[in-house]
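The values are calculated or read from the model by the stated rules, or taken from the named source; none is laboratory data. Computed from a prediction, not measured in an experiment: that's the story for all the values here. All Cβ positions, glycine included, derive from the backbone under ideal geometry; neighbour counts span all protein chains shown. For the accessible areas, the whole protein counts, side chains as well, though only heavy atoms, and no ligand, DNA or RNA atoms are used. Shrake-Rupley method; radii C 1.70, N 1.55, O 1.52, S 1.80 Å.
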Amino acid sequence: MAPDVPEKFLKPYDPTATEGAIYKKWEESGYFNPDNLPGERAEAFTVILPPPNVTGTLHVGHAYEDALQDIVIRFQRMRGKKALWIPGTDSAALPTQARVEKDIQKEEGKSRYDIGRDELVKRVTEFAKNSESTILSQVRRMGASLDWSRYAYTMDEARNTAVFTAFKRMFEAGLIYRGNRIVNWDPKGQTTISDDETLYEERDAKLYTFRYSKDFPIPVATTRLETKVGDTAVAVHPDDERYRQYVGQEYDAVFCDVPVHIKIIADPAVEPEFGTGALGVTPAHSQTDWDIAERHDLPRPQVINEYAKMEVEGRLHGKKTAEARELVAEWLQSEGLLEKVEDIKQNVSTSERTGAIIEPLPKLQWWIDVNKPFTIPYSEIPGVASGSETTLKALMRAAVESGAVDMPQEGFRKTYFHWIDNLRDWCISRQIWFGHRIPVWYRGEESTVSETSPGEEWSQDPDVLDTWFSSALWPFSTLGWPEKTADLETFYPTSFMSPAYEILQLWVSRMILMGTFHLGVVPFNIVFIHGLVRAKDGRKFSKSLNNGVDPLLMIEKYGADALRMGLIVGAPLGSDVKFDEQKIKGYKLFANKLWNITRFVLSQDSTGEIKPELKAEFDTMAQDVTKDLEEYRIYMAAEKLYHYVWDRFAAEILEESKGKPEYGATLYYLLENSLKLLHPFMPFVTEEIWDSMPSKKDLLMVEHWPVA
RNA sequence: GGGCGCUUAGCUCAGUUGGUAGAGCACCCCGUUUACACCGGGAUGGUCGCAGGUUCGAGUCCUGCAGCGCCCACCA
């Protein structure tokens, strides 16, 4: 007797009708939390979700990342691991504040100074809260099996404690210092920004060749004439025969009303081929020049202020830089000191956020010293003994070089080392209001590190920390550090980290820095960098191009399973994914195929023996897929399953079985195990089908993986 | 300037340790025989960027070249 097929299978599979209910079932089961998982589970498998910024809504790049990690975590859960995937969101200080400031400007015509610090922080916090819930509901729609009971936000109480503790310990180790250094100053945003937040634009510029005075022996070329009032030296290459005789001489001049004292020095940083081969050294307004001035112990007067206006006596006083440049050119002309003016193309660095031209300025900032030796109390990093002397840079290198952090993609490993080798101190202070405030308090000349005010006369440092400071603690701050929690004991180091290559330096390397310093243990065992999801024409998705794809719309049209498969199949980890709606549509059809296979199989009796040759064939495929998953060839595992199920199981085996009841047991075997293998990739449709399988005991998400 | 990567069918891309080129989509033809028309069957389509080399054998390894892309630096 053929059993009755449940009625739902008589219609095509409808993801929108089932996905919500399935997710609810998963959540209510408690299995997202590894503490509730059935059976003995010795080994932990931990993944932390790269926390999305609370600036907006989920985009297709997040969807891709969610799909990838969910596949990995579901696979490991089914393999019997204590699988934990921690959700969270990032306050992302600068972009979030900038976003809210923009809204306030637009709607109320007010700047942050009109509103004031407390009110602005309040509004940004509110915005973040709203944005947070939007994003989280979207992550759920993807089917992400995240343990919501361990949800973390970079600015919640536990994470604030972690940030404070990390700061304090690094400060006490002498690795955090305050120093005057050249920073990227954004005159429009009135803040320092990191190198990563600047963009270079090619612009037309004039290259002026001039002398400081009639008796000055060497002509100098520059595009920034107005800064020359801040010059303290002229540098030439040590091997440059033309100028060797002048090295060591000093000259006084009055340059456009400003007295200057210029020393001629030799420094290898100078490019003899460029311009006249002599560099006017303006220590306060150029990084290169600052470094040269440091090497030669030169004075470093500041001549441009925070508003990009001249801060000198005489005719340039108070002028904007561009205007001052003209005035200097006129003055040089009238004095007969201007030798040449050429049109050139110049790369100008601008602020990614405000578009303003960056003004390099010396500022008092907080820094993390990556080269300073310190004694590491405890270390599990191979090659770094507990109690030995090391540096942060050395730790970052050792972590990957030793294989403690496995970075299997050779190209990215090379990029990482290249970056480490060129690493400079990390500027961690930002002149904005939203974020973790620097926990340093001042009273006159005194200063102290404290989480709360040490007393009435103390005032706190006005700056906040670079958002990456808190993000860098994420692999252990989410597990309760600095408390010695059971979670930290069980789930650290995390197992698998898969960020986009864009943030290899920004985030991955800094997590390694913080993890190795604070715990003496690397933050993750393996890093698999993934690519970007791009538009079909290969361009990045961006607001300005208006070429964005809303993942929710895709889910509504094709279902989350189809979206997951469409994003995963076809591109190995690390290479970019071209977004193709047709492909997603194809996997919706696949979900329906699976649905109809079930309809047929459920109409058969599960009688007879499982055919050994078909079982063997399946098991070989299953082993293959398992190996692919273990080695993170996720796209390939998905594709193999797709082909097996459609072209082999449905097209051949199932056709062959028609009218032959002895196939029954085989069909059930193949379907049940196909569902298990497909579950990490297409969790919704497989769980929904599983619910109707006669052998079902518990949710498919906690079934045993068919391959040991 | 330094680093990394890509170039395979009309489009998007696979090709895991070198063994006679693959998928999806699109296009064309045929088909509604009860799992599925959200389907089935079939056909067309590639000198694997170019030039050398190693090898019995190269899309796969090596060298050079060209085009494209990304990251980092920022020459005043």
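Data overview
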read-out: Sole exception among (1) among the β-branched types (Val, Ile, Thr); (2) within 16 Å of RNA strand B (Cβ to nearest atom); (3) not in a helix (DSSP H, G or I) for A:Ile432, by number; value: (2)
read-out: Every residue from the range A:138-196 that is out of contact with any helix residue (DSSP H, G or I) (no Cβ under 8 Å at 6 or more places or on another chain), farther than 28 Å from A:Ser349 by Cβ, among the charged types (D, E, K, R) and not in a loop (DSSP other than H, G, I, E, B); value: A:Glu157, A:Lys168, A:Glu172
read-out: Those helices (runs of 4 or more DSSP H) lying entirely in the range A:466-556 with at least 3 residues open to solvent by 20 Å² or more (accessible area, probe 1.4 Å) and touching a residue at least 12 places away in the same chain (Cβ under 8 Å); value: A:486-491, A:509-519
read-out: Residue selected from the range A:384-407 under the condition assigned to a loop (DSSP other than H, G, I, E, B) and within 19 Å of the chain's Cα centre (by Cα), by the criterion nearest to RNA strand B (Cβ to nearest atom); value: A:Met407
read-out: So A:Arg443, is it more than 22 Å from the chain's Cα centre (by Cα), basic (Lys, Arg) and either closer than 24 Å to A:Asn371 by Cα or open to solvent by 30 Å² or more (accessible area, probe 1.4 Å) (or both); value: yes
read-out: Qualifying residue in the range A:45-61 (condition: assigned to a loop (DSSP other than H, G, I, E, B) and within 16 Å of A:Ser495 (Cα to Cα)); value: yes
read-out: Within the range A:211-237, considering residues that are open to solvent by 20 Å² or more (accessible area, probe 1.4 Å) and within 42 Å of the chain's Cα centre (by Cα), the one farthest from RNA strand B (Cβ to nearest atom); value: A:His237
read-out: Number of positions in the range A:56-82 that are open to solvent by 10 Å² or more (accessible area, probe 1.4 Å), touching a His at 6+ places or on another chain (Cβ under 9 Å) and either β-branched (Val, Ile, Thr) or over 21 Å from A:Lys676 (Cβ atoms) (or both); value: 1
read-out: Extreme residue, farthest from A:Lys188 (Cα to Cα), among residues of the range A:358-380 that are in a strand (DSSP E or B) and open to solvent by 80 Å² or more (accessible area, probe 1.4 Å); value: A:Thr375
read-out: Test for A:Ser286: is it hydroxyl-bearing (Ser, Thr, Tyr), touching a Ser or Thr at 6+ places or on another chain (Cβ under 7 Å) and either more than 30 Å from A:Lys102 (Cβ to Cβ) or at pLDDT below 95 (or both); value: no
read-out: Scan of the range A:8-23 for residues that are free of Cβ contacts under 8 Å to residues at least 12 places away in the same chain, of a type in the set (A, V, I, L, M) and more than 12 Å from RNA strand B (Cβ to nearest atom), ordered by number; value: A:Ala21
read-out: Top-ranked residue of the range A:235-263 - restricted to ones that are β-branched (Val, Ile, Thr) and touching a Phe, Trp or Tyr at 6+ places or on another chain (Cβ under 8 Å), ranked as farthest from A:Leu338 (Cα to Cα); value: A:Val236
read-out: Residue satisfying all of: in the range A:558-575; touching a strand residue (DSSP E or B) at 6+ places or on another chain (Cβ under 8 Å) and more than 6 Å from RNA strand B (Cβ to nearest atom); farthest from A:Ala637 (Cα to Cα) among these; value: A:Gly574
read-out: Selection within the range A:6-22 - closer than 24 Å to A:Gln604 by Cβ, assigned to a helix (DSSP H, G or I) and open to solvent by 40 Å² or more (accessible area, probe 1.4 Å); value: A:Glu7, A:Lys8, A:Leu10
read-out: Test set (1) polar (S, T, N, Q); (2) free of Cβ contacts under 8 Å to residues at least 60 places away in the same chain; (3) surrounded by fewer than 17 Cβ atoms within 10 Å (Cβ to Cβ); (4) outside any loop (DSSP other than H, G, I, E, B) - A:Asn347 fails condition number; value: (2)
